Amino acid sequence: RRTWLQTSPVADEPGCRQARSQTNLVTSEPGHKRAWSQASLVASEPGQNLSTWNGLMTLETLVALAKQNSASDLHVESGMPVALRVRGTLHLTGQPISSRSALNMVKKLLNQEQWSSFMERRSHDFSKTIEGVRCRINVLQSSRGVGMAIRLLSSFEATLERLNLHPDIRLLLEQKHGLILVCGPTGSGKSTTIAALVEELNVREPLHIVTLENPIEYSLRPKRALIRQREVGRDTPSFEQALLDAMREDPDVLVVGEMRHPETMRLTLNAAETGHLVISTLHSSTAAEALQRLVAAFPSEIQSNVCSQLADCLVGVVCQRLVFREDVEMRVPECEILMANQGVRAMIRQGYFSRLPTAIETGGKDGMWTFERYRRWLDERTDWVFSDNLPKTYHTDDSHVEEPQPLPPLSVNSGPSGSQPRKSHRTIAKKTAPSEPSDNGILVLDQEEDLEDIISALKKF
């Protein structure tokens, strides 16, 4: 039997051209089928296998490896081989990474403040540019030791055209206030689509755009708009506090990175009702499921009120999933689009979410799209945009971002109320002198006096 290795780069981000990476087994036996192999993932130098890098691996070389194979995710785990997610499939490659090597990677990656946060919570989320690639990184501790889950973000400036999205999505941005939801499963490109929507507003009109993210994935460069990006944990203690703050910051557009808790959802709906255009995400497989899940997050006794509030402020829902197309050899978003017309609002107000798929099927004239009809539009499309032909305008470095002035780290216990926690009297190192009665018959007590000093002052009074 004759055997040879055929490898070529594989892409995994929307709009990126892909080619199969495989090991072809060819024999003299007739009818022998080709086989796929995980060993087809290669290192940065042609012909070099990743397993020969053990002992010399750094995070930079691993990110470069993932970038060359156009992987969407890179996983590093103590005692396990490196894992790359290519075109939605996980590939293990190379020899296991020692726990010492994984720990050294993490320590080199985190600064002192981030390391303290990791030691306290045993996980930490942040973003960083590595080897010219913007990465969203989650550092975690598992039973084997420390590990990392790294999402490689698009290196080009996202727009609706470059993501091969339908132009009807622009109709969502015609409204000046209300709620726009971008939904889909994990890894379906929701953050990239939101970045494209913000970029569309950024080039159209002068607006004040405030984004609340955890972490910041795309560093947006202001053009016509004033863009403020706040990272939860670094710039604000929570999404709830950031939403309360935003109401006093004169925003035109609010971007809420995720709505996981009922309080975040409540504040987001309130912001959409009070004259702001709010863009947020939910994890769901359909538009109807997204709205139903949002309402179900609240107690049953107020769900009818939430349905009315949602019906009044909803602009539309985009639910997307990434689908690999053999004809263009890339993954593209396949969408379901719900527009909030009068009929849809009536269904939401009454809680008839099961009727929304029928409304989408019959709402083509309003810019609605079912997955099936959207797929037919993709089949007929010929003007595809490939990201490997686009200039790398995103995240090639962080030099355009001025380093912020150091501030004291945020307290992890800070609540959304905006009030400072009361000081404990037992933590006061130096006790102040007891209060003395004044001449006008009024006893003034120091806020930090303990009970014994107050009693002593009252006796003198």
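None of 349, 260 is closer than 26 Å to residue 195 by Cβ and surrounded by fewer than 16 Cβ atoms within 10 Å (Cβ to Cβ) except 260. When residue 165 is tested against (1) under 30 Å from residue 287 (Cβ atoms); (2) in contact with an Asp or Glu (Cβ under 9 Å, 6 or more places away or on another chain), just one condition goes unmet, and that condition is (2).
Can residue 283 be described as modelled with pLDDT under 95, farther than 22 Å from residue 165 by Cβ and under 19 Å from the mean Cα position of the chain (by Cα)?
Details: modelled with pLDDT under 95: yes; farther than 22 Å from residue 165 by Cβ: no; under 19 Å from the mean Cα position of the chain (by Cα): yes.
No, not satisfied.
Answer with yes or no whether residue 138 is at pLDDT below 95, under 13 Å from the mean Cα position of the chain (by Cα) and buried (at least 19 other Cβ atoms within 10 Å of the Cβ). Taking the combined requirement at face value, the residue does not satisfy it. Could you please tell me which pairs satisfy a Cβ distance under 8 Å, a separation of 6+ or placement on different chains, a first residue in the range 258-269 that is farther than 19 Å from residue 231 by Cβ, and a second residue that is β-branched (Val, Ile, Thr)? From residues that are farther than 19 Å from residue 231 by Cβ, the pairs are 269/306.
Here the range 190-233 is the region considered, the condition is being among the small types (Gly, Ala, Ser) and at pLDDT 90 or above, and the residue that is farthest from the chain's Cα centre (by Cα) is 225. Before we move on, is residue 330 over 21 Å from residue 305 (Cβ atoms) and either in contact with a helix residue (DSSP H, G or I) (Cβ under 8 Å, 6 or more places away or on another chain) or not aromatic (Phe, Trp, Tyr) (or both)? The answer is yes for residue 330. Select from the range 201-223 the residues that are in a helix (DSSP H, G or I) and crowded, with 17+ Cβ neighbours inside 10 Å and list them in ascending order. Answer for the range 201-223, where residues must be in a helix (DSSP H, G or I) and crowded, with 17+ Cβ neighbours inside 10 Å: 201, 202.
Of all residues in the range 359-374, those that are surrounded by 13 or more Cβ atoms within 10 Å (Cβ to Cβ) and over 13 Å from residue 337 (Cβ atoms) total 0. When 159, 186 are checked against the criterion of being under 14 Å from the mean Cα position of the chain (by Cα) and either outside any strand (DSSP E or B) or aliphatic (A, V, I, L, M) (or both), 186 stands alone in meeting it. Looking across the range 80-108, just one residue is over 17 Å from residue 60 (Cβ atoms), of a type outside the set (Lys, Arg) and part of a helix (DSSP H, G or I), and that is 99.
Among residues of the range 326-338 that are under 17 Å from residue 387 (Cα atoms) and touching a residue at least 24 places away in the same chain (Cβ under 8 Å), those with a beta-carbon under 7 Å from a residue that is among the basic types (Lys, Arg) and assigned to a loop (DSSP other than H, G, I, E, B) at least six positions away or on a different chain give the pairs 329/17; 330/17; 331/87. Look through the range 144-154, keep the residues that are assigned to a loop (DSSP other than H, G, I, E, B) and under 23 Å from residue 108 (Cβ atoms), and return whichever of them is modelled with the highest pLDDT. Within the range 144-154, the match that is modelled with the highest pLDDT is 144.
When the range 165-187 is examined, which residues are found to be surrounded by 22 or more Cβ atoms within 10 Å (Cβ to Cβ) and either at positive phi or at pLDDT below 90 (or both)?
184
Considered as a group, the residues in the range 142-159 that are within 23 Å of residue 221 (Cα to Cα) and in contact (Cβ under 8 Å) with a residue 60 or more places away in the chain include one that is surrounded by the most Cβ atoms within 10 Å (Cβ to Cβ), and that residue is 158.
Taking the criterion of being of a type outside the set (Ser, Thr, Tyr) and within 17 Å of residue 278 (Cβ to Cβ), the residues of the range 206-225 that qualify are 207, 208, 209, 210, 212, 213, 214, 220, 225.
Conditions tested, residue by residue: (1) under 21 Å from residue 178 (Cα atoms); (2) assigned to a helix (DSSP H, G or I).
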site	(1), (2)
327	no, no
332	no, no
336	yes, no
347	yes, yes
375	no, yes
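Among the residues of the range 234-249, write down those that are over 18 Å from the mean Cα position of the chain (by Cα), of a type outside the set (Lys, Arg), over 15 Å from residue 269 (Cβ atoms) and assigned to a loop (DSSP other than H, G, I, E, B). Once the filter is applied, which keeps residues that are over 18 Å from the mean Cα position of the chain (by Cα), of a type outside the set (Lys, Arg), over 15 Å from residue 269 (Cβ atoms) and assigned to a loop (DSSP other than H, G, I, E, B), the range 234-249 yields only 249. Within the range 256-279, one or more residues are farther than 23 Å from residue 367 by Cβ, at pLDDT 95 or above, in contact with a helix residue (DSSP H, G or I) (Cβ under 8 Å, 6 or more places away or on another chain) and assigned to a strand (DSSP E or B).
The values are calculated or read from the model by the stated rules, or taken from the named source; none is laboratory data. Keep in mind that this is a model prediction, so the values were computed, not measured. Cβ atoms come from the backbone with ideal geometry, glycine included; neighbour counts cover every protein chain shown.
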